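Working notes, beginning with the structure itself.
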Amino acid sequence: MRMHYRKVVYSTLLGVAAMSTPALAQDVRSVTFGVQATVLHDTNVSRSDAATAALRGIVREDTIFSPAVTADVLLPISRQSIYLQGSVGYDFHDKNTQLDTENLDLVGGLNLNFGPCQGQIGGQAHYGQANLQTVTLVDSENAIESRSIGGTLACSRASGLGVMGTVNKTWSENSNAIVSGNDSETFDATIGVTYARPALGTITVFTGYSDTDYPNRILPTQASGYETTSIGVSFERRISSRLQGVVSYAYTTVETDSLLPDSDFEGSTYRLDLTYRPSERLRAEFGVGRQVSPASSLGGLYSIDTTWRLTGAYDLGSRIAVSLGTEFASTETEGAFAIIAPVLADSDSYAVFGAISFAQSERIKWALTARYEDRDANVPQYTYTRTVVALSTGVAF
């Protein structure tokens, strides 16, 4: 499957937790380039029911071939370092050739380390075919281009008080003229105070602000943006040599310029991540969270996303590893206005997945992955099931 690399700021809550972590040791030079190829079979590329797929001119079951060039580079410069990670490739569909498109995922920047402070200045770029559930009922072609730049800074010691901050700007654009109303620009910033004790862990009190605009929305019945403010606390601790966790909680408010009633929001957002490693070979991870994000469905304003995820992995030896997992996601889209009905406003999806990987050598690796999804939406057109099986191989140089 297409690879996705970490964002400059994954989210406000996780960003706060990450910034409270003590500075790592000096970076080690690493330069790795490679090529990879993936063959993926999807029983429902339309992510819709059969009638909607036919209306769009989509064959639901398709096989996709995705070759790509990859990079993973870390270059130390004194105490600082330059990094670049990502892939550039192309998706070839066997049946739905109209969905063939470039795909790009790149993240790069500068890691900073001076005195008791560490930080990062960087950017991210993505380009690829949009999830088809975000496109109109009569069209299927829409490439999303997103870009972001930002920075993080944390100044703290192993014990005592510290400060942290993040700032980020993100742009998202759609190639489909009808969906261009979902083009967005988001600015977000977070500041906080940390307190660390080796025996206790690290606690951070923070406040965050974000402003999202939809510059292409011109109808008076459509909201052109919203502002989000939050205040909260996060706590990170290594509970034992086998168990560690990060938990964040914030009280969040969303104010919109929508003419629709009850478009604003006040409530809790949170994130909990636990990692358990009873042995060198076995590890398990659990995460649950709730956050506010720009809406991806046509006509939406913002979404309240609630997710939980449980995964386990086991190394059968030095070359073979297996993993299993399950996840649930619930999305409630607010401020939706039906430009083209029906509008995808609410959905619940459940998935189970697994993988087996084989390292043929230090340079050549194989992976076989499988995933089953079951989604229930507020409109039947976007209710679906799908099974995805993918075989990928990569060669590093």
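Going through (1) in a strand (DSSP E or B); (2) surrounded by fewer than 15 Cβ atoms within 10 Å (Cβ to Cβ) one by one, Gly89 falls short only on (2). Being in contact with a strand residue (DSSP E or B) (Cβ under 6 Å, 6 or more places away or on another chain), part of a strand (DSSP E or B), touching a residue at least 60 places away in the same chain (Cβ under 8 Å) and among the hydrophobic types (A, V, I, L, M, F, W, C) is a condition met by at least one residue of the range 262-275.
I'd like to know if the range 129-150 contains one or more residues that are among the β-branched types (Val, Ile, Thr), closer than 30 Å to Phe235 by Cα and open to solvent by less than 50 Å² (accessible area, probe 1.4 Å). No, the conditions are met nowhere in the range 129-150.
Against the list (1) within 23 Å of the chain's Cα centre (by Cα); (2) touching a residue at least 40 places away in the same chain (Cβ under 8 Å); (3) open to solvent by less than 20 Å² (accessible area, probe 1.4 Å), the condition Tyr83 fails is (2).
Please specify each residue of the range 262-283 satisfying the condition of being under 29 Å from Tyr314 (Cβ atoms), of a type in the set (Ser, Thr, Tyr) and surrounded by 14 or more Cβ atoms within 10 Å (Cβ to Cβ).
Of everything in the range 262-283, those that are under 29 Å from Tyr314 (Cβ atoms), of a type in the set (Ser, Thr, Tyr) and surrounded by 14 or more Cβ atoms within 10 Å (Cβ to Cβ) turn out to be Thr275, Tyr276.
The residue pairs whose first member lies in the range 40-63 and is on the phi > 0 side of the Ramachandran plot, whose second member is modelled with pLDDT under 95, and whose beta carbons are closer than 6 Å, counting only pairs six or more residues apart or on different chains, are Arg47/Leu132; Arg47/Gln133; Arg47/Tyr384.
Number of residues in the range 245-261 that are open to solvent by 50 Å² or more (accessible area, probe 1.4 Å), assigned to a strand (DSSP E or B) and at pLDDT below 95 equals 1. For the subset of the range 119-147 comprising residues that are aliphatic (A, V, I, L, M) and in a strand (DSSP E or B), which member is modelled with the lowest pLDDT? Checking each candidate, the answer is Ala143. Of the set (1) out of contact with any strand residue (DSSP E or B) (no Cβ under 8 Å at 6 or more places or on another chain); (2) under 22 Å from Ala50 (Cα atoms), all apply to Ser361 but (2). Residues that are among the basic types (Lys, Arg), open to solvent by less than 40 Å² (accessible area, probe 1.4 Å) and in contact (Cβ under 8 Å) with a residue 12 or more places away in the chain number at least 1 in the following strands (runs of 3 or more DSSP E) confined to the range 284-397: 364-377, 384-396.
State all residues of the range 248-260 that are hydrophobic (A, V, I, L, M, F, W, C) and either in contact with a Ser or Thr (Cβ under 7 Å, 6 or more places away or on another chain) or without any contact (Cβ under 8 Å) to a residue 60 or more places away in the chain (or both); if no residue qualifies, say none.
Scanning the range 248-260 gives Ala250, Val254, Leu259.
Based on this model, can you work out whether Val73 counts as of a type in the set (Val, Ile, Thr) and open to solvent by 70 Å² or more (accessible area, probe 1.4 Å)? Answer is no for this residue.
The values are calculated or read from the model by the stated rules, or taken from the named source; none is laboratory data. Everything numeric in this text was worked out from a predicted model, so none of it was measured. So basically every Cβ, Gly included, is an ideal-geometry build from the backbone, and we count neighbours across all protein chains shown. SASA here: full protein model, heavy atoms, side chains in, ligands and nucleic acids out. Shrake-Rupley method; radii C 1.70, N 1.55, O 1.52, S 1.80 Å.
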